[in-house]
Structure formats: C-alpha cells, structure tokens
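Please read the structure below before turning to the comments.
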Ligand SMILES: C[S@@+](CC[C@H](N)C(=O)[O-])C[C@H]1O[C@@H](n2cnc3c(N)ncnc32)[C@H](O)[C@@H]1O
C-alpha cells in the first residue's frame, strides 16, 4: 500500500512526519526522500532489528531520519524525547500494522509455522514493563478457555475449541517450546480436510496453523490495545490539515480504526434521545476514505501477504 499511503500523505519538502512502524523501512525511506534535509521523519519500531537494518541501509544516504526503538503506544512520550521544541506538530502519521517480512524470516523467532524455531513472537525485547505477554506463557500456562477465546477472536479460527483443547492435552505431557511442536499439536486435532493445503476452486487455502499463530502474535504483543492507545495520541500530534493513515491486516484492527475515525469526525456523541448536547465533543477529524482502500490485484500478486491489507486515512480539522 506504499503508493496509496504516499498519495494520501503527499509528503513535501520541509515537513515533519512520523512512521510508527518502521519495519523494513520502505515507507520511511520513501517519505524521507520526499521531505528532504529540511524535513524530519521520526521512525519507530519495537524491534531493534528494524532499527539496525535501517541504519545500515541509510548510512551512505543524506536523509533526515530519527529512528527510535519503542512502542507506538507511547507516541507522545517518544515525540517529547525526540523533539525539543514544545508543541511540535506533524503533517503526517502512518501506521503499517502487523509484522515485517524480516521478522517472518528470522529463524531465531517463532513467527512462521514453516520453520522450527523457539516459540517467541514478541516484536521487541520482553521485560516486566513492556506490557507484552510471553508467547510461551500463553501457550503453556493460560487456561484453556482463555486460549480458545484468543484463537477464536484474534485468529478467527473456527476450530478454536479443538485447538485449545489439543494444546492443553499436549502440554500436560511436556511444555510446548517450539513452533514445530505447536504445529504438531494443532495438526493432531484439526480435521484432515482442513490440513490439505492447496488451491481449491481458485481460492488459495491458508495453512491450518496460520490463524492460531496470528492469534498468539496479537495476544503476545497486545496489538489491539497498542493501536487503541496510539490513535488518540496521533490525532493530538497532527497539525491542522495533517493526515493519519493506518494500514491494517485484521478485521479487529480495521474495526478499531473505523470506529475511532467515525467518533472523532462527529461534533456530538450524545445519544439521539437527548434534546441538547451535553458531551461538548468536537470533531477533530475528517474521514478521507469513506470506503476502505484495498491493495490492487497487481500488489497482491507480487506480495500475497498484502491480500488482507486495508487502508484508512483521516485529516485533522
Ligand atoms: C508491516 S511492518 C512495517 C513495514 C514497513 N511499512 C515497511 O515499509 O517496511 C510492521 C512493523 O511494526 C512493528 N510494530 C508492531 N507493533 C508495534 C508497536 N506497538 N510499536 C512499534 N512498532 C511496532 C513491527 O515490529 C514491524 O517491524
């Protein structure tokens, strides 16, 4: 969605922009080239690997990028640390949610079910203050009902009940420590037809562990909570006319963005039964994408992971 995001943000020389999800740096570098030396882009990622990769990538380029290893749920705090001028405002803020290709391919972490790796799906380094869960704790310590709930809700997995039961049965023998062991536990309880991983009727079936892995990643990193905390801060940080763009990959994320934009684009939030407004809420956003933007067929063909991407953009009034 890089092309669409750039079109909406339309970065110009001298502007200040925030990329809340640096990842492989695709968005950051493209924006940095457009805002030039007089502009500044703050690029945030929880993953030190993203920061290191960016530093290597731009070392011979003259770009004004400030990269910070942190969680975008702390957006205001990060901005106050990095920008000494009080009341700094931004022309654009972008979120490209989820995980990067580099994280998916990293053999030391357990994001991919195709590789046998330790069961670590944390975007950043876990510590007690990080607000993250440990993937191993979710899998080996959470109650069966709670496991089932996240697999159903975050994974939208119709066999959530069976899978949660299968995980609990398996961990009774010994803790599940690797992605391979987790895939085995899932594979042991889902129907055989569900495991056949092939194209049928032109529809590409996903691997039977995909949804459970997605659920565990979202729960580990508290991805929905982070987004809910970050969006109001992003609006506060926008200059009038500045734009916030969010690319999401999950219907729950998209719903959070949609509802937030809708609420922030209304002048009053009182129930319709009240004759006069008592909340005093004032619209802070104008929605620019009445209908959600989806990737082009060409993009999905080049990058199948983009198939579920959805872009929403709003402008500060
Ligand atoms: C889909 S990738 C971004 C790709 C990027 N737009 C590019 O062009 O390469 C998402 C990135 O967001 C990071 N991320 C996810 N949640 C985060 C959070 N709460 N705070 C900071 N970074 C986060 C992940 O570590 C990952 O590197």
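Every number here is computed from the coordinates shown, using simple stated rules; none is lab data. Just so we're clear, the structure is a prediction, and the values are computed from it rather than from any experiment. Heads up, the Cβs are rebuilt from the backbone with ideal geometry, glycines too, and the neighbour counts pull from every protein chain shown.
Things to note:
- Tail fraction, Cα-Cα pairs, the chain, threshold 38 Å, whole percent: 20 percent
- Computed on the range 133-221, the Cα convex hull volume stands at 86 Å³ per residue.
- Using alpha-carbon coordinates, inclination of helix 160-173 to the longest axis of the chain, degrees: 60 degrees
- Taking Cα atoms only, the orientation of helix 223-237 departs from the longest principal axis of the chain by about 0 degrees.
- Radius of gyration over Kirkwood radius for the range 79-193, both on Cα atoms: the Rg/Rh ratio is 1.10.
- The chain: angle of helix 251-264 to the longest principal axis, Cα-based, in degrees nearest 10: 30 degrees
- From least to most packed, judged by other beta carbons within 10 angstrom and beginning with the fewest, 154, 27, 194 follow the order 194, 154, 27.
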